[in-house]
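I have placed the structure first, in the form of structure tokens, so that the comments after it can refer back to it.
Since every read-out is calculated from the coordinates, none of them should be taken as a lab result. From a predicted model like this one, the values you see are computed outputs, not experimental measurements. All Cβ positions, glycine included, derive from the backbone under ideal geometry; neighbour counts span all protein chains shown.
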Amino acid sequence: AGSIAVTPEADDYGAGTVVTLEAVPQAGWRFAEWGGSVSGSANPVDLEITADTMVIARFVQEPVEFRLYLPVASR
């Protein structure tokens, strides 16, 4: 889970505008890859707007690691 930060921020972008997209994961998550009009896993990434655009940021949950220590009794 996370969000996408877009720079510069605007309600509408004209054709030819270049925006920077940054995937921002929530705690316990990491960015995996882009989908939609952007591919790859570079973060941040620049995108030139040429038409209506949909971008997806895919996040994966960080694995939780547990360690268990069991002492061995001496005989």
Residues in segment 1-23 that a label on Asp46 would reach, taking backbone N under 20 Å of a point 7 Å out along Cα→Cβ: 5-10, 13-23
List, in order, the whole-Hz ³J(HN,Hα) value for each residue of segment 33-44 obtained from phi through the Karplus relation with A = 6.51, B = -1.76, C = 1.60 and θ = phi - 60°; use x for Gly and Pro. 6, 8, x, x, 7, 10, 10, x, 10, 5, 8, x
Cα-only radius of gyration and Dmax that characterise the chain, units Å: 19.8, 78
Considering amide H positions built from the backbone, and no H for Pro or chain starts, which residues 5 or more places from Val55, or on another chain, come under 5 Å of its amide H? Ser37
Computed over the chain, the relative contact order (Cα-Cα under 8 Å, seq sep at least six) in percent reads 33
